[in-house]
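The values are calculated or read from the model by the stated rules, or taken from the named source; none is laboratory data. What you are looking at is a predicted structure, and each value in this text was computed from that prediction instead of being measured. Cβ sites come from the backbone with ideal geometry, for glycine too, and all protein chains shown count toward neighbours.
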Amino acid sequence: MPVRRLNHAVLYIRDVARSVGFYTDVFGFEVSVEIPGRAAFLSSRDTLNDHDLGLFALGEDAPGPEEGRVGLYHLAWEVGTLGELADTARRLTERGALVGASDHVVSKSLYAKDPDGIEFEVMWRVPREDWPTGDQDMRPRPLDLQAELDRWGAGLATGAAAGSAT
């Protein structure tokens, strides 16, 4: 059976309230269901899913992720416009969570860590018709978000967002 897309992600975290605060502030998720102190299920605006992110608390003494160990490296959340990516960069910077940014040629990406050190990516997809062909260098390079905003504009919707844009 072919996979169509990732429906939701579930993370083990230390503190439900702290993680809910982070993900609702940074991503604009809304709490669908919360079991205080134990779990929460969050949804993005206009989702067709019953939830997009599940959070299960293990307690403050739970060890965090360790680089170089087997396990999930990161999740990539896609935004619809570069303006949304820029807003997310501002919110992540204000929280001290932004750890990197890359231009992947076909996408523009931010990398950040949540309060438990779980890394994630927030990315904007370049319009498919503008993806390179041939022998272009596809290695990631530093992201100049302002230059990308100047080139593409803040409101160009791509990916799933393009289908719902008016």
Considering the range 19-29, residues that are of a type outside the set (Phe, Trp, Tyr) and crowded, with 16+ Cβ neighbours inside 10 Å, and then whichever is nearest to ALA89 (Cα to Cα), we arrive at VAL26
Going through the range 17-27 in order, the residues found to be at pLDDT 95 or above and either aromatic (Phe, Trp, Tyr) or outside any helix (DSSP H, G or I) (or both) are PHE22, TYR23
Considering residues that are more than 15 Å from the chain's Cα centre (by Cα) and free of Cβ contacts under 8 Å to residues at least 12 places away in the same chain, the number found within the range 62-77 is 7
ASN49: passes all of (1) closer than 30 Å to TRP152 by Cβ; (2) under 15 Å from the mean Cα position of the chain (by Cα) but (2)
Flagged pairs (Cβ under 6 angstrom, 6 or more apart or on separate chains; first in the range 32-43, in the same structural domain as LEU55 (by TED's automatic domain parsing); second assigned to a strand (DSSP E or B) and aromatic (Phe, Trp, Tyr)) are SER32/PHE41; VAL33/PHE41; ALA39/PHE56
Being without any contact (Cβ under 8 Å) to a residue 12 or more places away in the chain and at positive phi is the requirement here; does GLY96 meet it?
yes
Exercise for review: With the condition kept exactly as written, say whether any residue in the range 35-46 is closer than 16 Å to LEU6 by Cα and of a type in the set (Ser, Thr, Tyr).
Suggested key: yes
Does GLY100 satisfy being out of contact with any strand residue (DSSP E or B) (no Cβ under 8 Å at 6 or more places or on another chain), more than 20 Å from TRP152 (Cα to Cα) and of a type in the set (Gly, Ala, Ser)?
-> no
Practice problem: Return yes or no: is VAL10 assigned to a strand (DSSP E or B) and exposed (fewer than 13 other Cβ atoms within 10 Å of the Cβ)? | Solution: yes
